[in-house]
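In what follows, a single structure is set out as structure tokens and then discussed.
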Amino acid sequence: MIPLSAQRVRTRHFTPDDADFVLAVHQHPGLRRFIPRQVIEDADAAEAVPARIERFRRYDADPVLGVVLVETRPADDAPAVPVALIMLQPIPASTGVDLQDVEIGWRAHPEHTGHGYVAEAARAVLDHVLASGLPRVVAVTDPANSASQAVCERIGMTRVGLSRDYYDEETMLYVADRPGG
Ligand SMILES: CC(C)(COP(=O)(O)OP(=O)(O)OC[C@H]1O[C@@H](n2cnc3c(N)ncnc32)[C@H](O)[C@@H]1OP(=O)(O)O)[C@@H](O)C(=O)NCCC(=O)NCCS
């Protein structure tokens, strides 16, 4: 995905130097509660974090798909602060379901949650991908993950309801369709 800029934040590709950030994001209490398989424990960090960063960089050359780091846009010479990540990637349809969709997702650094940074970056990414020609983007959350559902709603996605179309799991499904498309 190409780098994008919003009012307070911008996106960029990951580098191996983002290891501390990646570890902190993957210990967020919300991730531990709702997507425990994605948590990285300290004991596994030496191997798991570089592997995760490699995975995030897989689509770096793709103009639309990818996993990007969200960082603040400092007003002066201060360093940018990494605050979250946004993912845009193909979503696995459930067994027997013939759907080929692209999913948007997000994970925040636990110390930078609650500032609207994720919603601001996710909105920029969603606008970019729909303008790039993708007809539809979906987001799925654990039915109890109200923080993530609030992001979906803040960026204008439509709540479809409970669905078993993806991941062979029951999720709360949101969609965004290309305007006029
Ligand atoms: C889901 C998650 C990314 C949401 O992060 P977030 O920081 O709450 O999301 P937003 O960027 O939309 O920020 C909204 C919050 O910032 C507040 N905020 C402060 N300043 C703001 C501003 N200028 N603009 C908008 N919101 C602002 C909002 O009031 C809201 O706070 P509230 O939840 O207390 O009402 C985060 O909880 C997380 O990483 N969870 C673990 C991973 C996860 O569940 N991922 C999703 C899997 S489906």
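Remarks
- One residue alone among Ile53, Ile2 is surrounded by fewer than 15 Cβ atoms within 10 Å (Cβ to Cβ) and away from the ligand (no atom under 16 Å from the Cβ), and that residue is Ile2.
- Residue list for region 59-72, restricted to those being modelled with pLDDT of 95 or more and over 14 Å from the mean Cα position of the chain (by Cα): Thr72
- Restricting the first member to region 111-128 and to residues that are over 12 Å from Thr11 (Cα atoms), and the second to residues that are near the ligand (Cβ under 6 Å from one of its atoms) and part of a helix (DSSP H, G or I), the beta-carbon pairs closer than 7 Å and six or more apart or on different chains are Ala119/Val151; Ala119/Arg154.
- Options Pro82, Pro90, Pro29: the member that is touching a His at 6+ places or on another chain (Cβ under 7 Å) and within 24 Å of Ala139 (Cα to Cα): Pro82
- Picking from residues in region 74-112 that are at pLDDT 95 or above and charged (D, E, K, R), the one that is farthest from the chain's Cα centre (by Cα) is Asp98.
- Region 155-169, residues that are under 26 Å from Ala6 (Cβ atoms), surrounded by 13 or more Cβ atoms within 10 Å (Cβ to Cβ) and among the hydroxyl-bearing types (Ser, Thr, Tyr): none
- Close pairs (8 angstrom Cβ cut-off, 6 or more residues apart or separate chains): under 16 Å from Asp20 (Cα atoms) in region 44-70, among the basic types (Lys, Arg) anywhere: Val68/Arg12; Leu69/Arg12; Val70/Arg10
- Residues that are more than 10 Å from the ligand (Cβ to nearest atom), crowded, with 18+ Cβ neighbours inside 10 Å and touching a residue at least 60 places away in the same chain (Cβ under 8 Å) within region 135-153 are absent altogether.
- Cross-chain or 6+ apart pairs with Cβ under 9 Å, region 154-174 first and in contact (Cβ under 8 Å) with a residue 60 or more places away in the chain, then among the polar types (S, T, N, Q) and assigned to a strand (DSSP E or B): Arg164/Thr171; Asp165/Thr171
- For region 1-29, the set of residues classified as of a type outside the set (D, E, K, R) and assigned to a helix (DSSP H, G or I) consists of Pro16, Ala19, Phe21, Val22, Leu23, Ala24, Val25, Pro29, listed by residue number.
- Meets criteria (surrounded by 11 or more Cβ atoms within 10 Å (Cβ to Cβ), small (Gly, Ala, Ser), on the phi < 0 side of the Ramachandran plot and more than 16 Å from the ligand (Cβ to nearest atom)) for Ala48: yes
The values are calculated or read from the model by the stated rules, or taken from the named source; none is laboratory data. All values reported here derive from a predicted model rather than from experimental measurement. Positions of Cβ are generated from backbone atoms using ideal geometry, with glycine treated the same way; all protein chains shown enter the neighbour counts.
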